[in-house]
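Derivation of every value follows stated rules applied to the coordinates shown; laboratory data play no part. All of these numbers come straight from a predicted model, not from anything done at the bench. Please note: Cβ atoms are built from the backbone with ideal geometry, for glycine as well, and neighbour counts cover all protein chains shown.
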Amino acid sequence: MNQSTSMYRVRPATDKDGDGVGAIIKAAFDEHPGCIYDREAEFPELDAIASCFRDRNGAFWVAEDADRNIVGSCGLVQTSDSEIELHKVYLAESARGTGLATQLLNLTIDYGRTTNSKRITLWTDVRFISGQRFYEKHGFKKQPGSRQLDDLSRSEEFNYTLEL
């Protein structure tokens, strides 16, 4: 049985949260054949996650359970005066279906509105079907085409946007 969002504490990330965020990203990658998690090679920002996003004119949040384990993450960067880009929305399996992902997404929507952004954009791996359904349920529109990344997982990604 899943916990409700009241069982989680959402807070701004610190630079020390990289290991916890990395653990939930790795777990999510492990659920999808062909997704390779290599922190050193492809996730160096986890070494100072809060500073990395702050330096890119953005913000990053984590969600903790009652034992202070990180069970969710969400970040954004301001890519222009009118657009923010969503990054690293991941949940531990134990936190899925609780409304926590919606709570994290709402932080980015609120941030976008307070910065007068007109749009939120994101890229998601074509293999992350449940994530795509989540974004579509919350009003994101899939854009035409995809992009191929030069990463270890040979990722192909779809672009989604939400007009604010």
Sequence-distant or interchain residues sharing an amide H contact under 5 Å with G58, placed H: which? Q78
A correct Karplus calculation of ³J(HN,Hα) over region 95-110, with 6.51 cos²θ - 1.76 cosθ + 1.60, θ = phi - 60°, whole Hz and x for Gly and Pro, returns 9, 6, x, 9, x, 5, 4, 5, 4, 5, 4, 4, 4, 6, 5, 4
In Hz, Karplus ³J(HN,Hα) per residue of region 7-13 (6.51, -1.76, 1.60; θ = phi - 60°; x = Gly, Pro): 7, 10, 10, 9, 8, x, 5
Calculated FRET efficiency for the pair S94/L149, C-beta based, R₀ 25 Å, to 0.05: 0.30
As straight-line cross-link partners of K142, the qualifying lysines (C-alpha separation under 26 Å, not fewer than 8 residues apart within one chain) are K26, K88, K118
With Cβ to Cβ distances under 12 Å as the rule, what net charge do the other residues near L152 carry (K, R +1; D, E -1)? -3
Which log10 I(q)/I(0) values does region 5-163 give at q = 0.18 Å⁻¹ under the Debye formula, counting every alpha carbon as one identical point scatterer? -1.22
